[in-house]
Every structure is written in structure tokens, then in C-alpha cells.
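K.L.:
I'd like to ask some things about the structure below.
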Amino acid sequence: MRITLLGTGAALPDPDRCQSSILITLDNGRHFLFDCGEGATRQMVRANVNPADVGWVFFTHLHYDHICGFPFFVLTSWIFNRSGSPKVFGPRGTRHYVDHLFEEGAFRIDILARSQYALRRKNLEAVRPEVSELSPGPVYQDEHVRVTADWVEHIPRDICECFGVRIEAEGKVIAFSGDTAPCESMVTLARNADLLIHECTFPQSFIEHRRKSGVGTFAHTSPGELGELASRASAKSLVATHFGHFDSTSPVLKRAAGAHLPVDLMGPERLDEIARDIRKNYSGPVRLARDLMRIDL
């Protein structure tokens with residue numbers, strides 16, 4: 001199978017990273033999308049994948065940097081002549097989110113206008129996603145793939161449930177954390193995984209700064225904690241992703257982040273710190289994610 005990291009950044013508009021999105025492509029050509037942040041669809045095209053061929057979408061949680069690219073993905077797939085409805089899986093609240101986007105929501109006028117043409121009317125199912133809301137346990141299975149989800153610890157659960165996932169296909173196992181602080185459920189999901197793709201949003205010093213400032217969630221996994229988690233799970237390889245702009249040199253980002261990040265520490269040298277701290281607790285292969293990174297298993 002092929003894993004393409006479409007977006008490896010976090011919430012801010014980073015000039016070097018799109019927002020969170022991962023595409024898994026099986027050898028039989030089936031595509032499974034995990035999160036759909038800003039830029040995901042454009043990155044699919046850059047990776048030579050037709051968005052209309054991506055049939056399954058999984059949201060780990062409903063923070064905007066994980067879902068705001070979804071309407072563009074659906075509308076582009078419609079224009080690219082998708083056949084049938086995309087299948088969407090996400091936490092409680094996903095159905096409400098999707099219901100307010102398309103024919104009865106934000107893009108009603110666009111869909112009404114374009115559907116005056118016979119070609120667009122032929123595939124209106126493309127803008128009618130089939131939504132399933134997740135609960136812990138197996139969430140999707142067919143003859144090719146099995147997806148299991150469990151709660152992780154990021155946002156208070158009464159506001160939004162957050163999930164990590166385990167994907168088993170073609171004799172391989174991939175685990176994806178979504179956003180989370182270190183938790184036992186993620187260790188279980190990643191047990192003996194061929195590849196663990198895990199958030200590593202901030203260095204430890206940045207997490208402490210956010211904890212003290214009270215601006216934004218600090219429920220993320222530090223590099224040292226990530227190394228420990230990967231080691232405990234016996235993950236065979238690790239990709240650290242969802243980087244919270246700590247490596248950016250953008251003056252615009254630094255001004256925007258001033259209230260909640262120690263901007264005087266921002267810069268590409270932080271990536272060396274991330275790798276070094278992961279290595280303190282994990283001896284397996286480590287990759288630091290970048291957009292359009294491709295991994296073949």
C-alpha cells in the first residue's frame with residue numbers, strides 16, 4: 001500500500017505545510033482519506049490522485065484544521081464526475097456538520113446553479129455524503145480493509161469526541177493518532193504497527209508555554225512522550241506529523257502566533273530538537289513529516 005501525507009501542519013495557514021490529511025491507497029486502487037484539512041484536495045491532484053476516486057473519508061475530530069477542506073473535496077469530486085456518494089465517518093457531530101454544507105446548507109446556491117446542467121444533475125449523489133458517526137471499536141470493514149477506532153485525549157469529550165484509528169490491510173497495520181495527549185488507547189491502537197503516524201504538534205517547551213498562557217489546547221504529545229509511546233507499542237516505524245508551525249520562519253505566522261507560542265524559539269532548528277527528543281525513547285526508524293511525503297509498505 002501507499003501512504004501519502006497530504007498535509008502535515010496544524011491550524012494556522014502555514015506557507016510550507018497544508019493542514020492535516022493522510023491518504024492511504026491500497027494495491028487494488030482504493031483510496032482512504034484520514035482527515036481533510038485545508039489544501040488536501042489540491043495535494044491529491046499534485047500526487048496524481050483524482051479526488052473523485054477517493055471513496056472513504058474518516059475524521060478523527062472536528063477541529064477545523066482537520067475538516068475545513070472537506071466541502072472543497074466533495075464539490076471538486078462532483079465536478080470531476082464522482083459516481084455515487086462519498087462515505088464519511090467521524091465523531092458525534094459529523095452529521096450536523098455535513099448536513100449544513102451542501103444542498104441544504106452553505107453551498108446550496110452553488111449546487112442549485114451547477115445542477116441546472118444535465119451533466120451535473122447526473123451525479124448529484126456526489127454531494128450527498130453517507131455519514132456514519134463513530135464509537136470505539138471496529139468502524140469499517142470489507143474484504144480488503146479493517147478500520148478500528150478508539151477515543152484519544154485532546155478536547156473534552158462533551159465538546160467533541162476525538163479518535164485515533166488502526167488500519168489493517170494487505171497484511172500491514174497503520175495507526176494514526178489524530179490529535180491527542182499520550183494515552184493508553186493509542187498504545188493499543190499502535191501495537192506492533194508497521195507504521196505509526198502520530199501527532200507531535202509542539203516541542204515540550206512550546207507545550208508548557210501554552211499550558212501557562214491558557215491560550216489554545218495543550219493536550220498534545222511531546223517528542224519525548226511520542227518516543228516512549230512508540231516504544232511501548234512496539235511500533236516498527238514512526239512518522240511524527242501535525243507540526244504546529246514551530247519550524248516556521250514566516251513573519252506573518254510569528255505575528256499571529258505571538259499570543260500562544262514562544263515565537264523567539266521558532267525556526268527550522270526545532271526539527272533537530274524534535275528528532276533528538278524522540279530518539280531518547282525510541283530506537284526504530286523515524287521520519288519527520290513533510291507535505292507529499294510518500295511511504296510504501
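The values are calculated or read from the model by the stated rules, or taken from the named source; none is laboratory data. Since the model is a prediction, treat every value here as computed from it, not as a measurement. Note that we place each Cβ from the backbone using ideal geometry, even for glycine, and neighbour counts take in every protein chain shown.
K.L.:
Can you pull out the residues in the stretch 202-260 that are on the phi < 0 side of the Ramachandran plot and of a type in the set (Ser, Thr, Tyr)?
P.N.:
Hits for the stretch 202-260 are SER205, SER213, THR217, THR221, SER222, SER231, SER237, THR241, SER248, THR249, SER250.
K.L.:
Let me ask something else. Please verify whether the stretch 224-241 includes one or more residues that are buried (at least 17 other Cβ atoms within 10 Å of the Cβ) and under 13 Å from ALA10 (Cβ atoms).
P.N.:
Taking every residue of the stretch 224-241 in turn, at least one turns out to be buried (at least 17 other Cβ atoms within 10 Å of the Cβ) and under 13 Å from ALA10 (Cβ atoms).
K.L.:
Additional query: Hey, any hits in the stretch 149-159 for a residue that's crowded, with 22+ Cβ neighbours inside 10 Å and in contact with a strand residue (DSSP E or B) (Cβ under 6 Å, 6 or more places away or on another chain)?
P.N.:
Yes, the stretch 149-159 contains at least one residue that is crowded, with 22+ Cβ neighbours inside 10 Å and in contact with a strand residue (DSSP E or B) (Cβ under 6 Å, 6 or more places away or on another chain).
K.L.:
Still on this model: Give the number of residues within the stretch 129-140 that are touching a Ser or Thr at 6+ places or on another chain (Cβ under 9 Å) and either surrounded by fewer than 17 Cβ atoms within 10 Å (Cβ to Cβ) or aromatic (Phe, Trp, Tyr) (or both).
P.N.:
Adding up the residues that qualify gives 7.
K.L.:
Testing VAL98 on (1) surrounded by fewer than 22 Cβ atoms within 10 Å (Cβ to Cβ); (2) among the hydrophobic types (A, V, I, L, M, F, W, C); (3) within 26 Å of TRP151 (Cβ to Cβ); (4) in contact with a strand residue (DSSP E or B) (Cβ under 6 Å, 6 or more places away or on another chain), one condition comes back false. Which one is that?
P.N.:
(1)
K.L.:
Any idea which residue in the stretch 5-33 is surrounded by the fewest Cβ atoms within 10 Å (Cβ to Cβ), counting only those that are more than 28 Å from LEU261 (Cβ to Cβ) and of a type in the set (S, T, N, Q)?
P.N.:
Restricting attention to the stretch 5-33, the residues satisfying the condition of being more than 28 Å from LEU261 (Cβ to Cβ) are 23-33.
Now narrow it down to the ones that are of a type in the set (S, T, N, Q): 25, 28.
Values: THR25: 20, ASN28: 11.
Per the stated criteria, the residue is ASN28.
K.L.:
Has the stretch 189-206 got any residue that is part of a helix (DSSP H, G or I) and surrounded by fewer than 23 Cβ atoms within 10 Å (Cβ to Cβ)?
P.N.:
Yes - at least one qualifying residue is present in the stretch 189-206.
Every residue, every condition in (1) modelled with pLDDT of 95 or more; (2) within 20 Å of HIS66 (Cα to Cα); (3) touching a strand residue (DSSP E or B) at 6+ places or on another chain (Cβ under 7 Å), yes or no:
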site: PHE218; (1), (2), (3): no, yes, no
site: THR221; (1), (2), (3): yes, yes, yes
site: VAL252; (1), (2), (3): yes, no, no
site: MET266; (1), (2), (3): yes, no, no
site: ARG276; (1), (2), (3): yes, no, no
site: SER283; (1), (2), (3): yes, no, no
site: LEU288; (1), (2), (3): yes, yes, yes
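K.L.:
Would you check if GLU168 is surrounded by fewer than 19 Cβ atoms within 10 Å (Cβ to Cβ), within 30 Å of LEU297 (Cα to Cα) and either modelled with pLDDT under 95 or not aliphatic (A, V, I, L, M) (or both)?
P.N.:
Spelling it out, GLU168 is indeed surrounded by fewer than 19 Cβ atoms within 10 Å (Cβ to Cβ), within 30 Å of LEU297 (Cα to Cα) and either modelled with pLDDT under 95 or not aliphatic (A, V, I, L, M) (or both).
K.L.:
A further question follows. Could you check the stretch 171-188 and list, in sequence order, the residues that are surrounded by fewer than 18 Cβ atoms within 10 Å (Cβ to Cβ), out of contact with any strand residue (DSSP E or B) (no Cβ under 9 Å at 6 or more places or on another chain) and within 17 Å of TRP151 (Cα to Cα)?
P.N.:
The one that is surrounded by fewer than 18 Cβ atoms within 10 Å (Cβ to Cβ), out of contact with any strand residue (DSSP E or B) (no Cβ under 9 Å at 6 or more places or on another chain) and within 17 Å of TRP151 (Cα to Cα): GLU184.
K.L.:
Which residue, of ARG108, ARG92, is under 25 Å from ASP142 (Cα atoms), of a type in the set (D, E, K, R) and surrounded by fewer than 22 Cβ atoms within 10 Å (Cβ to Cβ)? Break it down stepwise before answering.
P.N.:
Details: ARG108 fails: under 25 Å from ASP142 (Cα atoms).
Unique residue meeting the criteria: ARG92.
K.L.:
Consider PHE80 carefully, then state whether it is among the hydrophobic types (A, V, I, L, M, F, W, C), in contact with a Pro (Cβ under 9 Å, 6 or more places away or on another chain) and either more than 24 Å from THR41 (Cα to Cα) or surrounded by 15 or more Cβ atoms within 10 Å (Cβ to Cβ) (or both). First the steps, then the outcome.
P.N.:
Details: among the hydrophobic types (A, V, I, L, M, F, W, C): yes; in contact with a Pro (Cβ under 9 Å, 6 or more places away or on another chain): yes; either more than 24 Å from THR41 (Cα to Cα) or surrounded by 15 or more Cβ atoms within 10 Å (Cβ to Cβ) (or both): yes.
For PHE80, the condition - among the hydrophobic types (A, V, I, L, M, F, W, C), in contact with a Pro (Cβ under 9 Å, 6 or more places away or on another chain) and either more than 24 Å from THR41 (Cα to Cα) or surrounded by 15 or more Cβ atoms within 10 Å (Cβ to Cβ) (or both) - is met.
K.L.:
Checking PRO251 against (1) surrounded by fewer than 21 Cβ atoms within 10 Å (Cβ to Cβ); (2) farther than 20 Å from GLY9 by Cα: exactly one of these is not met. Which one?
P.N.:
Only one criterion in (1) surrounded by fewer than 21 Cβ atoms within 10 Å (Cβ to Cβ); (2) farther than 20 Å from GLY9 by Cα is unmet by PRO251, namely (2).
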